[in-house]
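Please read the structure below before turning to the comments.
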Amino acid sequence: MGKSGVNIAVFGIASNFILFLIKLYVGISSNSLAIYCDSVNNLGDTFSCLIALFGFIFMIKTNEKKGRRIQSLCSFIIGSIVAVTGAYCVYSGLERFMYPVLVSYSFKYAMLILLTAFVKLVMAMVYIIKSRKAPSPVYKALILDSLLDFGLTITAILGFYLVEKLNYAIDGVFGIIIGIIILAAAAKSVWQQAKIPMDCWSSLMAAS
């Protein structure tokens, strides 16, 4: 499973980084906080997959017991990264809500972001297929994250559209909503992995 996991992690790193660049471009070009927060979330996903990559590499070098402990530790770190991302989105959303700025809606941008949402859905399916062949807490974390991202991106598109119909403060509201959803999902993931024994850290150091 280790080598297969490495390939999946590399796939996740490349895909998430490309999605981050696309959403960052749209977010900056349109001045949409909701889309910008979604891009930051994808950057966090890139780092999460990087952590997963290290976990699978260490798993190849260690026995199964230590490998599973390392995977659990990686899941905990991934959840923590996602939590930080969510907190950042909430803070940015509150700031944007209090100080609204002009957002330039574009149908072309909306369709581009919609396409990235379906890319995340495909990524979730890939992780699900791999998880059925070789169950892993890291795969579970990546599946949950991908499905969550799909919903978040759809939410970001909705906020992007409503800006044109309502007022610019709604962009901040959707930024807050996205941040809270990310925080809630991350808190659940971190709580599930919070019972990881402290010797996971010694296992990680020994594997290196």
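The values are calculated or read from the model by the stated rules, or taken from the named source; none is laboratory data. Nothing here was measured: the structure is a model prediction, and the numbers come from that model. Cβ placement follows ideal geometry from the backbone for every residue including glycine, while neighbour counts extend to all protein chains displayed. The accessibility values were calculated without ligands, DNA or RNA, using every heavy atom of the protein model including side chains. Shrake-Rupley method; radii C 1.70, N 1.55, O 1.52, S 1.80 Å.
Structure notes:
- Remark: segment 16-55 projects, on average over all directions, an area of 2.2 nm² (convex hull of Cα atoms).
- Entry comment: accessible area of segment 1-55 is 36 Å² per residue, from protein heavy atoms only and a probe of 1.4 Å.
- Links that overshoot a 18 Å alpha carbon limit, given the list 130/188; 23/165; 140/188: 130/188; 23/165
- Packing-based order for 135-147, 31-43, using average beta carbon neighbours within 10 Å, highest first: 31-43, 135-147
- Based on protein heavy atoms only, segment 138-186 ends up with 39 Å² per residue of surface accessible to a 1.4 Å probe.
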